[in-house]
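The values are calculated or read from the model by the stated rules, or taken from the named source; none is laboratory data. Note that the coordinates shown come from a computational prediction; the quantities given were computed from them, not determined experimentally. Heads up, the Cβs are rebuilt from the backbone with ideal geometry, glycines too, and the neighbour counts pull from every protein chain shown. Accessible surface areas use protein heavy atoms only, side chains included; no ligands, DNA or RNA. Shrake-Rupley method; radii C 1.70, N 1.55, O 1.52, S 1.80 Å.
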Amino acid sequence: MQVEQPVLQALREQGPDLAAVPDRGLIEQCVERVVIDPEVIAITLRAAASGANHDQQDATDAATCAAPAPATSVLRVPWSRTPGKRRREIILPEHAESPDHRPIRAETRATLVRAIALGRRWLDELATGAMAAPQAIARREGCSQRQVERTISLAFLAPDLVRAAVEGRLPRGVGVSRLIDPPLKWQRQWRMLGLPH
């Protein structure tokens, strides 16, 4: 846990004789309670605590966490929780009529990103001469020439629009069908979707 390490470190700093005490024993023998706030961990020490039980009796007798004075019976350790997930800011339409501003569905996003990557690959094959024409790609892929051409059109999407798709920041309702055959001017692509840019 994120909390465990700072607590153990604060306890061991109370005396060099605590270095040999196992983690679990140190907490059981020395800690009355731990209170976690957004910016600090408050560790209340036991009123009369001795070191953890382990094989060497000398080390057990020597290890003590008892606070020498009431003022030091609570240890305060600065702390902040590590964020688990990066927040995603959803790009909302400029003139949204519906209050439903949910992000693009995960499966829709996966399909869109896959189609963009496929379109770029097919465009690269045509540009390098690896494939002679869209008809050749259609024969190889077992689909129509129109489908190949529509997929290749996704290779011309604005880079920041592609980034928003990859990061899942597009609103629900924006998928492959909304983005095929986009205007070549990047700003017009955003306007086509009614999104701010």
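How charged is the neighbourhood of VAL74? Take every other residue with its Cβ under 12 Å from the Cβ of VAL74, and add Lys/Arg as +1 and Asp/Glu as -1.
+2
Which value in nm describes the separation of the simple spin-label points at SER153 and SER73, placed 7 Å from the Cα toward the beta carbon?
Reported label-point gap for SER153 and SER73 is 7.6 nm.
Whole number in Å², please: accessible area per residue of the stretch 102-197, 1.4 Å probe, ligands, DNA and RNA not counted.
Ligands and nucleic acids excluded, the result is 56 Å² per residue.
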